[in-house]
Amino acid sequence: MGLPNLRMPTGGGRVWWFTLDSRNGFKLQKNKLTGHYRVLDPADYRLDWGLNEHDIRDTFQTVSR
């Protein structure tokens, strides 16, 4: 996992986020302003976030299987 995370709802990333990948309802996103990454579950709750794309992609691969 990336940085400490509080599982919290999001707006799904329609304005400030690029969706880099999606699978089984999970999304891997990158922030347009800050460049950090996050993983959202199918209900758009943030599961993980951080600055290291490789780490966040690992989380995305694990949860989206």
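Structure above, values below:
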read-out	value
Lone unmet requirement of (1) out of contact with any helix residue (DSSP H, G or I) (no Cβ under 8 Å at 6 or more places or on another chain); (2) modelled with pLDDT under 95 for residue 49	(1)
Matching residues in segment 11-57 - criterion: being of a type in the set (S, T, N, Q) and open to solvent by less than 40 Å² (accessible area, probe 1.4 Å)	29, 31
Only listed residue being modelled with pLDDT of 95 or more and β-branched (Val, Ile, Thr), chosen from 63, 15	63
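The values are calculated or read from the model by the stated rules, or taken from the named source; none is laboratory data. No experiment lies behind these values; they were computed from the predicted model shown. All Cβ positions, glycine included, derive from the backbone under ideal geometry; neighbour counts span all protein chains shown. Accessible surface areas use protein heavy atoms only, side chains included; no ligands, DNA or RNA. Shrake-Rupley method; radii C 1.70, N 1.55, O 1.52, S 1.80 Å.
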